[in-house]
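What follows is one structure encoded as structure tokens, with my remarks underneath.
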Amino acid sequence: MRQLAFLCSVVTVLAGGARVLADAKNPTFDDDVLPIIKQHCVNCHGNDKQKGDLNLATFAALQKGGSSGAAVKPGDPAKSRVYTLSAHIEEPKMPPNGNKMPDAQLAVIKLWVEQGARENAGSKTAVMPKPTADIGLKSIVKGRPEGPPPMPAVGKLKLDPVVTARRPGAVLAMATSPWAPLVAIGGQKQVILYNTDTGALIGFIPFEHGQINSIKFSRNARFLLVAGGKGGSSGKAVLYKVENGEKVIEVGIENDAILAADISADQTQIAVGSPSKLVRIYSTTDGKVIREIKKHTDWVTAVEYSADGVLLATGDRNGGVFVWEAFTGREYFSLRGHTAMITDVSWRDDSNVLATCSEDTTIKLWEMENGGNIKNWGAHGGGAASVQFTHDGKLASTGRDRVTKFWDQNGTALKTFEAFPDLGLKVAVTHDNARVIAGDWSGVVKTWTAADAKAVATLDANPLPAAERLKKAETAIAAANAKIQPTQAAFDAAALKAKQATDAHNAAVANVNKINADLAAANKAVTDFTAAANAAKPQMDAAKAEVDKATPIATAAANKAAALEAVVSAETVAAKAITDASTKTPANADLVAQAKKKADALAALNAELTVAKKAQADTAATLKAATDKHAAQSKAYTDATATVAANQKTVATLTPTQKPAADAVAPAKAAADAANAAVAPAKAALDALNAEIATAKATLEQLKAAPKKY
């Protein structure tokens, strides 16, 4: 069953008799290894038959390797399966049912590999260095690291796909960068990178080891861990630099495909899980196995380190979930509750809560104080396939019901996204928590906004070759440019119509509001000034009565004063005549007496005249005051009456216009709403066209600027 059986003949070739080396210190393929292969291997791995796609008959064929990858890694016998399987260092031991080859023959193979696996005496050695990496961190930075988030540099990644298939494969692996607008999608023999803000294809990272089953970014977003392999044959986990796609380290002595993998927060460990039921921990320094965890009873299907680097969570096909101390491998918690395969695990950023999802349909949350289950809910009918915590503590998930969902930690569904054509397999959330990305069994990858569940992009999991993308971009730009003018014109016309309709509606509303306001003011004036007129009328009448009363009194006082003034005038003349006569005849006592008498009488008359004139002035003033008061009250009454009449006329004029004005508002609003509604699709069409042009131009610029490798 295992594809690794391609190395069975290597064991048998070394089971033969002894042979003298052409050069005991410097063995070569032609002189020392090929004779052994011809004796024991070519029946299964020769020109006529190649088990596991491996041909050992020639040096060139050997270099190509087989379905499990390279058979020889010059300079590193521990990574050369032609040696390790023959020496029974790795599984499956070769031959499957035979004894290990003699030590002397093993030594030939080992020495040949150590010295660079030369083809012949004239060949130069091509010793490959053992995998080493100095990426370990002295301390773990919680949260976003300082500096700009790592993104692939322009021109550093392949722009041509490794494979372009007839149709995309199932999206078995996908991850988003924790701090950058970047998503990595597992394709066929390649990782496909997209910008999550623009949806633009950034490039490809080849993965030559088989099917990709797991993708994880390092916590600082600088590295991308890709793991997978060939079922029943081999498994590898490879760490790449995000910036340029360069391979940092490759680990894995797995005899089956790796199903899940993660790199520790301090970047010193890589944990992998596979059908072997083991969790293997590799060192990123030299690629060696640090420890093996042997507690799982079935395939290990989920692996993830906590963000603080303290714990490691793993899940298996039997529903088992374990939490381990990351740097000792000691069991920390056994989390029991799931009844079917664990499909995914995800740590909350504070490392205090672990989310797990399972084929039993549920998502469960576990606290790390006592390992208790603090929340669980049925998430996806038929099975939950993937779950991820966001930076702000929400969760995204997808599953067999074909639906992707957004949750709070109480299990309340915040958003439900449109269904996939097939089973949902993987979900991820962008670094800013703004977008949810998910992929399904048919290879469809969609992006939605987390806020309103609006679909914003579909990412191609099976991109065309660069030359075809270039041609497609040029065609798209030409087609879009041909549409842009009429589309812009349609939008402008819709916008103008919407403005005119909105202005008409606003004018109708303003008109009815003015009519209502003017009518209300006129009715109020009628009421108020009717009351004022009613109040002024009795006051006016009372003032008139006062005038009528004061008029005869003032007239009588004036008449009396006039009469007295006439008498005084006459008496003054008479008194003067007598006085003059008495002055001339002072001896006439009677005349003198009469002059004095006249003078006294005149004085009395003047005194009476003074009183009469005062009475005249007083009664005249009283009459004037009464007259003025009456005039004022008459004016108030007249003005109020005139105002009432004027506003009654206004009411009579406005009342018939009120209903037509009000009736005109509804159709005006309907017309404005319809016109404005027509703007949205016109704007969407214009935006889509501009976005299409921008995307095509970006693709064009990217591909034209790249070296012509396609």
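Return the ratio Rg/(2.2 N^0.38 Å) for segment 262-326, where Rg is computed over Cα atoms only.
Here the Cα radius of gyration is 1.02 times the empirical estimate.
Along its three principal axes, how long is the chain when you only count alpha carbons? Whole Å, largest extent first please.
202, 60, 51
Quick one: Karplus J couplings for segment 166-175, per residue in order, coefficients 6.51, -1.76, 1.60, θ = phi - 60°, nearest Hz, x for Gly and Pro?
Result, rounded to whole Hz: 5, 8, x, x, 4, 7, 8, 9, 6, 8.
Which ³J(HN,Hα) values in Hz, rounded to whole numbers, follow from the phi angles of segment 386-392 under the Karplus curve 6.51 cos²θ - 1.76 cosθ + 1.60, where θ = phi - 60° and Gly and Pro get x?
7, 9, 8, 6, 8, 4, 9
What ranking, highest mean first, results for peptides 470-478, 154-162 when packing means the other Cβ atoms within 10 Å averaged over each residue?
Descending mean neighbour count gives 154-162, 470-478.
Which order do the peptides 426-435, 671-680 come out in when sorted by mean C-beta neighbours inside 10 angstrom, highest first?
Highest-to-lowest ranking by the protection proxy: 426-435, 671-680.
Taking a 28 Å limit on the Cα-Cα distance, which of the listed pairs K216/K704; K93/K277; K560/K584; K51/K156; K79/K100 fall beyond it? Don't jump to the answer; show the numbers that get you there.
Numbers: K216/K704 31 Å; K93/K277 19 Å; K560/K584 36 Å; K51/K156 37 Å; K79/K100 18 Å.
Checking Cα-Cα distances, K216/K704; K560/K584; K51/K156 exceed 28 Å.
Stretched out fully, how many nm does the piece from L496 to N370 gain, at 0.36 nm a residue minus the Cα gap?
Going from the current span to full extension adds 38.9 nm.
Take peptides 652-663, 279-290 and line them up by average Cβ neighbours within 10 Å, highest first, as a rough protection proxy.
279-290, 652-663
Since every read-out is calculated from the coordinates, none of them should be taken as a lab result. The structure displayed is predicted, hence computed values, not measured ones. Positions of Cβ are backbone-derived with ideal geometry, glycine not excepted, and every protein chain shown enters the neighbour counts.
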